[in-house]
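The values are calculated or read from the model by the stated rules, or taken from the named source; none is laboratory data. Model, not experiment: these values are computed from the prediction. Every residue, glycine among them, receives a Cβ derived from its backbone with ideal geometry; neighbour counts consider all protein chains shown.
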Amino acid sequence: MDQFTLNLLVVGATFVLYFGIAIWARAGSTAEFYAAGGGVHPIANGMATGADWMSAASFISMAGIIAFGGYDTSAYLMGWTGGYVLLAMLLAPYLRKFGKFTVPEFIGDRFYSGSARFIGVLCLLIISITYVIGQMSGVGVAFSRFLEVSNATGLYIGAAVVFAYAVLGGMKGITYTQVAQYIVLIIAYTIPAIFISLQLTGNPIPALGLFSNEVHTGQPLLQTLDQIVTDLGFKSYTEQSDTTLNMFLFTMSLMIGTAGLPHVIVRFFTVPKVSDARSSAGWALVFIALLYLTAPAVAAMARLNLINTFYPNGLTSAPVSMADVETKEELKWVKNWATTGLLKVTDLNGDGLIQYYNDGATALATKLADAKKAGNEAAIAEAQAAFDAKVAETAAKMAEKNPQAADWKGNELTVNNDIMVLANPEIANLPGWVIALVAAGGLAAALSTAAGLLMAISSAVSHDLIKGQLNPGISEKGELLAARISMAVAIAVATWLGLNPPGFAAQTVALAFGVAAATIFPALMMGIFSKRINAQGAIAGMLVGLIVTVVYIFLHKGWFFVADTASYSDSAPMILSIKSTSFGAVGALINFIVAFAVSKATAAPPAHVQDLVESIRIPKGAGVAQSH
């Protein structure tokens, strides 16, 4: 059976499973649509939370970013797992004790203000829409390769699948579908990792294989990888190159951003009791750890396999040729991924070989491409001369260790970070069923999180905006219809945005974490643990945190993510060494300061609100989720 047919069978089987669950768990009321009726078992909710959490960014993109970023990008692991500890200890049980459907509803009631609730909705929409861009990008990447369709067609197929089970089932259908998706994605992630760990180190446990000896060199795998990447001109894999300030702020942004993500928080409204909220957070952390302990090994082994594939006889011998890619079965994956546009091979010096190394001219290559696109002959000539000079300088330096590098005219292999996990089984020549399983896992990861985000968007529009503000007298049937319509519109917008994402999936998602860190997390923390914060303080804090963080991101990523409108870049940030993806922690600090200052200058909250805060912190007596 050929690979395409195998992919169709495995992916098709998982889709049939998802549709079957959605039909079985169809929501019949707003309580089931928003909070699955509040009757989900903590272990099932922990598994669903794990799937909701382990998005395309975790499954597809995170290991790819670590593979090429090394030590600096380990912040993703620390931030995203650490955030769950904060969520379990500081937020989940208290919000479940409150007993409502959505995060903006808590903000509106706690701060006794329709305006605060509206700002909560606004923040939620910005966070969720930014986040869903990364998921839809991941869907496009997975579909384009494994179903051999274009990226755009893949996005449309993925959107149709999410529409079918999310609009039909609501939170009830999504929850039980996500349990199935977690099982699919964790099996798909760990099985290839076990195979590859055995190949490279002889150890079947990837997390331990990462620190074992590489079978060919007899030295530690990380030491082998470090030596190879530095010999090819790349930065050391195991040494820090980013500033400590930026790494700290980035890790903090991911941690408090995780604890402030509305689509994750709402999962804890689906369990029967307060104690179940904390329990399900603990189970979620266990299920998430299974992937996150494996991801660093997947990253390092994928990078080593990639380099060994193109330099099969060592770095001082000739790399693989263009003819090899055309004729050798084990290199067929290069052509397959090249057709997606996510891997590019260009024979710059015309020698028929594929030189993969760091030519030090990536920024100059981008400048040259922009000049060619603009058609400015003078700019093209200037950019070409600068590029050639830098490449020649790098080649001369590398030729001191590797004589063949003297004839190199630039790096000839470009690999998109997002393909590393999906291409890993093909690079390692694993069986076809493993490749098909990874395709199904990648799609499960992207679709599960996309559904959770769309659920958060839908509930914010129908429950918080329409029922809470515009039409309080709407019937339950009317609200359910509004929820389904708003979800359909959200899917259409997410698909459109997914066609032109602002960065790699995990980087796009990191921006959403920054906004969540600067807006939702401080509001929830102050709402639960401070009786003195009033409506004016909370509104001012959220608005300032949101505006400052979004403006800082747009200054670096382009206004509304239009690239050529950026004033700064993450390689040369506006303030010290703080990149746009790290600014959420600064935005959160500003939010706290503004909220406390404004609250101190204005009247204290009413007595009944202070009593509400006191009652939320008593860990007993939570009722069922309420709609009002």
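Summary table
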| quantity | calculated |
| --- | --- |
| Residues located in region 415-431, provided they are within 18 Å of T339 (Cβ to Cβ) and surrounded by fewer than 17 Cβ atoms within 10 Å (Cβ to Cβ) | none |
| Odd one out for A436 among (1) touching a residue at least 24 places away in the same chain (Cβ under 8 Å); (2) outside the structural domain of V184 (by TED's automatic domain parsing) | (2) |
| Exclusive hit being touching a Phe, Trp or Tyr at 6+ places or on another chain (Cβ under 8 Å), modelled with pLDDT of 85 or more and not hydroxyl-bearing (S, T, Y), set L86, L124, L77 | L77 |
| The lone exception for T366 - which of (1) within 28 Å of the chain's Cα centre (by Cα); (2) farther than 30 Å from D2 by Cα; (3) of a type in the set (V, I, T); (4) surrounded by 15 or more Cβ atoms within 10 Å (Cβ to Cβ) it fails | (4) |
| Positions within region 398-445 being closer than 25 Å to S197 by Cβ, among the small types (G, A, S) and either in a helix (DSSP H, G or I) or touching a Leu at 6+ places or on another chain (Cβ under 8 Å) (or both), in sequence order | A423, G432, A436, A439, A440, G441, G442, A444, A445 |
| Residue ranges of helices (runs of 4 or more DSSP H) in region 133-245 with at least 2 members touching an Asp or Glu at 6+ places or on another chain (Cβ under 9 Å) and either buried (at least 16 other Cβ atoms within 10 Å of the Cβ) or assigned by TED's automatic domain parsing to the domain that holds G360 (or both) | 168-201, 221-231 |
| Complete set of residues in region 247-279 that are in a loop (DSSP other than H, G, I, E, B) and buried (at least 24 other Cβ atoms within 10 Å of the Cβ) | G260, L261, T270, V271 |
| Qualifying residue in region 31-39 (condition: in the same structural domain as V274 (by TED's automatic domain parsing), modelled with pLDDT of 85 or more, of a type in the set (A, V, I, L, M) and more than 20 Å from the chain's Cα centre (by Cα)) | no |
| Every residue from region 293-304 that is buried (at least 20 other Cβ atoms within 10 Å of the Cβ) and not small (G, A, S) | T294, P296, V298, M301, R303, L304 |
| Count of residues meeting criterion [at pLDDT 90 or above and of a type in the set (D, E, K, R)] in region 562-610 | 2 |
| Count of residues meeting criterion [under 36 Å from the mean Cα position of the chain (by Cα) and surrounded by fewer than 21 Cβ atoms within 10 Å (Cβ to Cβ)] in region 389-414 | 5 |
| Single condition M526 does not satisfy, out of (1) within 25 Å of A607 (Cα to Cα); (2) at pLDDT below 90 | (2) |
| Which numbered condition A67 fails, given (1) surrounded by 22 or more Cβ atoms within 10 Å (Cβ to Cβ); (2) out of contact with any Lys or Arg (no Cβ under 6 Å at 6 or more places or on another chain); (3) modelled with pLDDT of 85 or more | (2) |
| Test for G375: is it closer than 28 Å to N305 by Cα, out of contact with any strand residue (DSSP E or B) (no Cβ under 6 Å at 6 or more places or on another chain) and either modelled with pLDDT under 90 or surrounded by fewer than 17 Cβ atoms within 10 Å (Cβ to Cβ) (or both) | no |
| Residues that are touching a Leu at 6+ places or on another chain (Cβ under 7 Å) and of a type in the set (D, E), drawn from region 296-347 | D324 |
| Filtered residues of region 355-397 (kept if among the aromatic types (F, W, Y) and not in a helix (DSSP H, G or I)) | Y356, Y357 |
| Residue in region 316-325 that is surrounded by fewer than 17 Cβ atoms within 10 Å (Cβ to Cβ), touching a residue at least 24 places away in the same chain (Cβ under 8 Å) and either in contact with a Ser or Thr (Cβ under 9 Å, 6 or more places away or on another chain) or in a helix (DSSP H, G or I) (or both) present | yes |
| Region 574-589, residues that are buried (at least 18 other Cβ atoms within 10 Å of the Cβ) and either assigned to a helix (DSSP H, G or I) or free of Cβ contacts under 8 Å to residues at least 60 places away in the same chain (or both) | S580, T581, S582, G584, A585, V586, G587, A588 |
